[in-house]
Amino acid sequence: MNRIRHILVTLTSLLLINLQGCASLPDLAERNASYAVPASDTSNTELGTVIAQHSQDTQTNAGVVLLSEAKAALDARLMLIEHAEQSIDIQYYIWRDDTSGQMMTEALQRAANRGVRIRLLLDDFHANAISALLHQLNAHPNIHVRLVNPFMPRGAIVWGFITDFERANRRMHNKSLTADNQASIVGGRNVGDDYFLRGESDILFSDLDLLVIGEIVSAISNDFDTYWNSNASYPLELLEPNTASSAQAFSQTSFDPAKYQPPHDLEDFFNTHEMTWANAILVSDAPNKVLGIIEEEQRITYKLKEVLGVPEEEVLIISPYFIPTKAGVESLQNIINTGVQMSVLTNAFATNDVAIVHSGYAKWRKRLLKAGIRLFELRPAAITGPSTEDDEDPTFSSSSASSLHAKTFIIDRQRVFVGSFNFDPRSINLNTELGLVVHSDELGSRMAEAFERDTPVQSFEVILSDTGDLIWLERDANGNITKRHTTEPGTTWFNRLAIRFFSLLPIDSFL
């Protein structure tokens, strides 16, 4: 729904783009720069001590834990916040004022009360909905809130698009949380019940994060500093005044903390979660991408090409928004022509039920299949129950997941990317993105095997019939084909008409 809102605002603004004039942004001369606490200064904290005990004397720079299950991913974030002693740096596109958001907000307030410095950096597109919450946090002397690429005047998002479309259409999509410069969580999840808590939301996204320790954490902290001190980052107090009514509004939405008691024990976490030691590289866009002044070598796409290298045998792509465009299809075709096998997992219409978004992918399906790419589309509620001891690595899925949100590439079972980057024009050209590339045969093989095991039975595989028509194959838990759909599953004739109509419009770059 967040993607839909962005698209609707964008298209509405395009219709009115000839209007001129906009409110000016505040002067950043009053803003003070700040930087991450060095990891050497936090090595004696509880986090630093426990992590040192679980570190290995290797030539690698990262200990990596996969966070595939939704509730466990929330617990891990709360664990880091609860045990931080000196600093917490947080960067997200969305932060909701729901149960998950309030749990993390109250954990941050407790951390601030015990003297932890907290820097919270959010994109401004969804910030107005939680203005009261942000002012409540920012009022604490140890909590500092900044917003990226803010809309002016405040609260007028559509007007901001109309009067300054080129800037407003660029958003910060990065996601990271770092505690004491000792441990970080990077991946695809925003903060909200639809990413963490089944039953608190109508939808639960299938997603993936990495919790990392080791030297790579300092690289994540340095990248956060670059965004925090960039010309796109504005302190909340410079943008809008705090009011008594804002603080009161937040206090009235408090959740019942007795309802959720997540495990917070550090030793238990590191003893029970499998950790892979490997070399990891942070890849991200420079923050001035949201200002439209980025150089090619500052783009995440440039860095990904450098780090991931040339595939030799296999490419696996997991992307909820897979909009390859004509140029992308040709690039993928060139890779296939070298003998590389390629598979793509994305959302089906039924799990991404917005024709205007789905159309950007659907129109390329036949060309992708003719090129030799295997296409899988996640079925709704394909995963119907919790994990068991026999299935300890549901790498790309959360129990009872409703929609795909993970963004992952696996190259030759040796190099893995996990982050916020979608395979679409918005991630490539407009939004800033962040992720980690992990060089590990162990992790790459484990994730590729999970893809091979789970994807065919949790998805529709799209193939071409002998006459060139699309067919959707549905399999049971044993991998046996149980249904062959000749029309797109979960669609009505009107849905299919809308998909076809929007596929004719030149709007891929805005999706």
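The values are calculated or read from the model by the stated rules, or taken from the named source; none is laboratory data. Since the structure is predicted, the reported quantities are computational estimates derived from the model, not experimental observations. As a convention, Cβ positions derive from the backbone with ideal geometry for all residues, glycine included, and neighbour counts pool all protein chains shown.
Does the range 418-428 contain any residue that is in contact with a strand residue (DSSP E or B) (Cβ under 9 Å, 6 or more places away or on another chain) and among the charged types (D, E, K, R)?
Checking the range 418-428: not a single residue is in contact with a strand residue (DSSP E or B) (Cβ under 9 Å, 6 or more places away or on another chain) and among the charged types (D, E, K, R).
Looking at the range 352-444, what strands (runs of 3 or more DSSP E) fall wholly within it and have at least 1 residues that are at pLDDT 80 or above, touching a Phe, Trp or Tyr at 6+ places or on another chain (Cβ under 6 Å) and within 30 Å of Leu497 (Cβ to Cβ)?
374-378
Of the residues Ser233, Ser206, Ser284, only one is surrounded by 16 or more Cβ atoms within 10 Å (Cβ to Cβ), at pLDDT below 95 and touching a Leu at 6+ places or on another chain (Cβ under 7 Å); which?
Ser206
Taking the conditions exactly as written (touching a residue at least 40 places away in the same chain (Cβ under 8 Å), of a type in the set (Lys, Arg) and assigned to a loop (DSSP other than H, G, I, E, B)), does Arg189 satisfy them or not?
So Arg189 fits the description; yes.
Quick one: Leu197 ticks every box in (1) modelled with pLDDT under 95; (2) buried (at least 20 other Cβ atoms within 10 Å of the Cβ) except a single one, so which number is it?
Exception for Leu197: condition (2).
Residue by residue through the range 26-46, note down the ones that are within 24 Å of Leu239 (Cα to Cα), in contact (Cβ under 8 Å) with a residue 24 or more places away in the chain and not in a loop (DSSP other than H, G, I, E, B).
Correct list: Leu28, Glu30.
Out of the range 128-144, which residues are surrounded by fewer than 24 Cβ atoms within 10 Å (Cβ to Cβ) and either in contact (Cβ under 8 Å) with a residue 60 or more places away in the chain or not in a helix (DSSP H, G or I) (or both)?
Answer for the range 128-144, where residues must be surrounded by fewer than 24 Cβ atoms within 10 Å (Cβ to Cβ) and either in contact (Cβ under 8 Å) with a residue 60 or more places away in the chain or not in a helix (DSSP H, G or I) (or both): Ser131, Ala132, Leu133, His135, Gln136, Asn138, Ala139, His140, Pro141, Asn142, Ile143, His144.
Report yes if some residue within the range 155-163 is touching a Cys at 6+ places or on another chain (Cβ under 9 Å), assigned to a loop (DSSP other than H, G, I, E, B) and surrounded by fewer than 24 Cβ atoms within 10 Å (Cβ to Cβ); otherwise report no.
No, because not a single residue in the range 155-163 is touching a Cys at 6+ places or on another chain (Cβ under 9 Å), assigned to a loop (DSSP other than H, G, I, E, B) and surrounded by fewer than 24 Cβ atoms within 10 Å (Cβ to Cβ).
For the range 426-475, enumerate the residues that are farther than 29 Å from Pro506 by Cβ, polar (S, T, N, Q) and under 24 Å from the mean Cα position of the chain (by Cα).
The answer is Ser440, Ser445, Thr455, Gln458, Ser459.
Kindly indicate whether any position in the range 108-127 is outside the structural domain of Ser420 (by TED's automatic domain parsing), in contact with a Phe, Trp or Tyr (Cβ under 9 Å, 6 or more places away or on another chain), among the polar types (S, T, N, Q) and in contact (Cβ under 8 Å) with a residue 12 or more places away in the chain.
no
Report whether or not Asp256 is closer than 19 Å to Glu69 by Cβ and either modelled with pLDDT under 95 or in contact with a helix residue (DSSP H, G or I) (Cβ under 9 Å, 6 or more places away or on another chain) (or both).
Answer is no for this residue.
Just to be sure I understand, how many residues within the range 141-183 are among the β-branched types (Val, Ile, Thr) and over 25 Å from Ser34 (Cα atoms)?
Count: 4.
Among the residues of the range 303-340, write down those that are of a type in the set (S, T, N, Q) and in a loop (DSSP other than H, G, I, E, B).
Correct list: Ser319, Asn337, Thr338.
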